[in-house]
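The values are calculated or read from the model by the stated rules, or taken from the named source; none is laboratory data. Given the structure is predicted, the values throughout are model-derived calculations rather than measurements. Counting neighbours? That spans all protein chains shown, and the Cβs are built from the backbone with ideal geometry, glycine included. Side chains are part of the model used for accessible areas, which takes the heavy atoms of the whole protein and leaves out ligands, DNA and RNA. Shrake-Rupley method; radii C 1.70, N 1.55, O 1.52, S 1.80 Å.
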Amino acid sequence: MKRIIAKRTLREFWEKHSDSEQYLKTWYETVKKSNWKTPNEIKETYANATILQNNRVVFNIKGNSYRLIVKFNYIRQWAFIKFIGTHSEYDKIDANLV
């Protein structure tokens, strides 16, 4: 992905949840260097990722302590961060709508 929108969201999250910082930085660098064209290619890198409708993917962060929802535009190589939260916060939202 050439562009991840918005890293600030991740930074603000790890400032509140410091145990997630290294995991989110690693995720960010991995995605930034990727050239995924399909959800299946994401699954090759992140086997535990959950593929949703409308090009959304849920990533488990720090052994499933946190959940990250990202919407991908595979043609433009953009990744839009839609949600980052604890597992319990994730359980209260609709991952297809945030």
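Taking a cut-off of 13 Å, what percent of all Cα-Cα pairs in segment 42-92 are separated by more than that? Percent of Cα pairs beyond 13 Å in segment 42-92: 57. Summarised in one figure, the compactness ratio Rg/Rh of the chain, Cα atoms and Kirkwood Rh, is 0.92. On the chain, 45 percent of the accessible area sits on carbon and sulfur atoms, based on a 1.4 Å probe.
Summing +1 for each Lys or Arg and -1 for each Asp or Glu, what net charge is found among the other residues whose Cβ lies under 15 Å from the Cβ of THR38? Value of the local net charge: +3. In whole Å, what is the distance between the alpha-carbon centres of segment 41-61 and segment 70-98? Cα centroid of segment 41-61 versus Cα centroid of segment 70-98: 10 Å apart.
Here the dipole of the chain is about 460 debye; that uses its Cα centre as origin and unit charges on the Cβ of Lys and Arg (positive) and Asp and Glu (negative). Over the chain, with the other protein chains present, what is the accessible area per residue in square angstrom, probe 1.4 angstrom? Spelled out: the 1.4 Å probe surface of the chain, per residue, equals 59 Å². Neighbours of TRP78 by Cβ distance under 10 Å: Lys/Arg scored +1, Asp/Glu scored -1, total +4. Could you pull out the pairs from LYS37/LYS92; LYS33/LYS92; LYS2/LYS37; LYS2/LYS92; LYS25/LYS82; LYS16/LYS37 whose alpha carbons sit more than 24 Å apart here? From LYS37/LYS92; LYS33/LYS92; LYS2/LYS37; LYS2/LYS92; LYS25/LYS82; LYS16/LYS37, over 24 Å: LYS37/LYS92; LYS33/LYS92; LYS2/LYS92; LYS16/LYS37.
Can you check what the net charge comes to around VAL98, using other residues whose Cβ is under 13 Å from the Cβ of VAL98 (Lys, Arg +1; Asp, Glu -1)? Within the 13 Å Cβ shell, the charges total +2. Taking the C-alpha atoms only, the angle from helix 21-33 to the longest principal axis of the chain is near 10 degrees.
The angle between the Cα long axis of helix 7-16 and the main principal axis of the chain comes to about 20°, on a 0 to 90 degree scale.
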